[in-house]
Amino acid sequence: MNAHEIDYQINGSEMQYVEIELDPGESVVAEAGSMMMMDQSIQMETIFGDGSDQGKGLMGKLFGAGKRLLTGESLFMTVFTNRGRGKERVSFASPYPGRILPMDLSMLGGKLICQKDAFLCAAKGVSVGIDFQRKLGTGFFGGEGFIMQKIEGDGLAFVHAGGAICERVLQPGEMIRVDTGCLVAMTQDVDYDIEFVKGIKTAIFGGEGLFFATLRGPGRVWIQSLPFSRLADRVLSAAGPGGRKEEGSILGGLGNLLDGDR
């Protein structure tokens with residue numbers, strides 16, 4: 001194996017965190033700001049890109065950082081290395097309610113395609129890059145644009161998803177339609193495309209958006225029940241100028257009853 005072999009334990013229910021145990025000299029790479037706690041012998045270092053291009057010169061480092069910039073992520077990632085003589089632990093927390101999914105890339109064909117903000121952390125040696133969608137429809141209307149994130153290697157990686165998680169194993173030719181925001185990850189052999197919602201009335205007033213993601217097997221897909229964008233929209237709509245707060249409202253609880261909030 002090229003990636004470091006790490007042990008882990010996922011704790012919590014709605015707000016989870018993953019605790020990773022490192023042997024002396026082992027490292028884990030993570031998104032900046034995701035660290036929750038670490039033992040005293042863990043050394044933290046900020047690097048360009050994902051660390052997989054380190055040691056290949058300045059151009060390799062700049063290329064790794066540029067890949068992350070295209071996916072909308074920070075130019076920097078953080079490497080946590082055990083510099084002690086015994087086992088040490090470092091923990092990473094999920095950014096919002098949901099689940100942390102361990103992905104053994106050696107069991108998934110060495111590559112996983114996921115949403116741009118799904119990656120949480122991985123064993124040192126795993127590459128985090130970009131995956132261009134070849135089809136124009138997917139690129140323009142897929143919600144994620146032409147670019148999705150790809151995680152490559154033979155080690156463990158951890159992705160985060162909102163709400164409850166549904167994992168589907170698609171047989172050859174089997175197809176499902178998914179809300180574009182609910183797709184978390186898929187194996188590289190899944191055929192991913194975008195389909196327009198049929199019917200003008202359904203498309204405009206259905207409340208489900210104008211496009212579906214169509215996923216055709218064979219392969220495995222992971223689907224989330226609560227995309228962060230959907231959660232953020234609800235919070236903003238309730239907190240914005242048009243949102244009604246019960247405190248101080250003329251209608252108070254009656255208004256909530258009328259619009260179905262209670």
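Please verify whether region 50-58 includes one or more residues that are surrounded by 12 or more Cβ atoms within 10 Å (Cβ to Cβ), at pLDDT 90 or above and not charged (D, E, K, R). I'd like the intermediate steps shown before the answer.
At the first step, the residues of region 50-58 found to be surrounded by 12 or more Cβ atoms within 10 Å (Cβ to Cβ) are 50-54.
Subset that is at pLDDT 90 or above: none.
Scanning region 50-58, I find no residue that is surrounded by 12 or more Cβ atoms within 10 Å (Cβ to Cβ), at pLDDT 90 or above and not charged (D, E, K, R), so the answer is no.
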Open item on the list: Test of understanding: among A157, A161, which residue is assigned to a strand (DSSP E or B), surrounded by 19 or more Cβ atoms within 10 Å (Cβ to Cβ) and in contact with a helix residue (DSSP H, G or I) (Cβ under 7 Å, 6 or more places away or on another chain)?
Closed with: A157
Task: Within region 147-192, tally of residues that are under 16 Å from I113 (Cβ atoms) and of a type in the set (D, E, K, R) - done: 6
- [ ] Would you tally the residues in region 164-211 being surrounded by fewer than 19 Cβ atoms within 10 Å (Cβ to Cβ), assigned to a strand (DSSP E or B) and modelled with pLDDT under 90?
- [x] 4
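If we keep just the residues of region 112-149 that are among the basic types (K, R) and under 28 Å from N11 (Cβ atoms), which is modelled with the lowest pLDDT? Even if it seems obvious, please write down each step before you answer.
Going residue by residue through region 112-149, those that are among the basic types (K, R) are 116, 124, 134-135.
Then keep just the ones that are under 28 Å from N11 (Cβ atoms); that gives 116, 124.
Details: K116: 78, K124: 92.
By that ranking, first place goes to K116.
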Open item on the list: Within region 232-247, does at least one residue satisfy the condition of being at pLDDT 90 or above and of a type outside the set (K, R)?
Closed with: no
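Return yes or no: is L101 closer than 14 Å to K150 by Cβ and modelled with pLDDT of 95 or more? Write out each step before concluding.
Details: closer than 14 Å to K150 by Cβ: no; modelled with pLDDT of 95 or more: yes.
It is false that L101 is closer than 14 Å to K150 by Cβ and modelled with pLDDT of 95 or more.
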TODO: Taking only region 6-25 into account, find how many residues are closer than 22 Å to S106 by Cβ and either out of contact with any strand residue (DSSP E or B) (no Cβ under 7 Å at 6 or more places or on another chain) or open to solvent by less than 30 Å² (accessible area, probe 1.4 Å) (or both).
DONE: 4
Open item on the list: D39 - would you say it is in contact with a Leu (Cβ under 8 Å, 6 or more places away or on another chain), at pLDDT 95 or above, open to solvent by less than 70 Å² (accessible area, probe 1.4 Å) and acidic (D, E)?
Closed with: no
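The values are calculated or read from the model by the stated rules, or taken from the named source; none is laboratory data. Remember, predicted model here, so these are calculated numbers, not experimental data. Cβ sites come from the backbone with ideal geometry, for glycine too, and all protein chains shown count toward neighbours. Just so you know, the surface numbers come from the protein's heavy atoms only, side chains and all, with ligands and any DNA or RNA stripped out. Shrake-Rupley method; radii C 1.70, N 1.55, O 1.52, S 1.80 Å.
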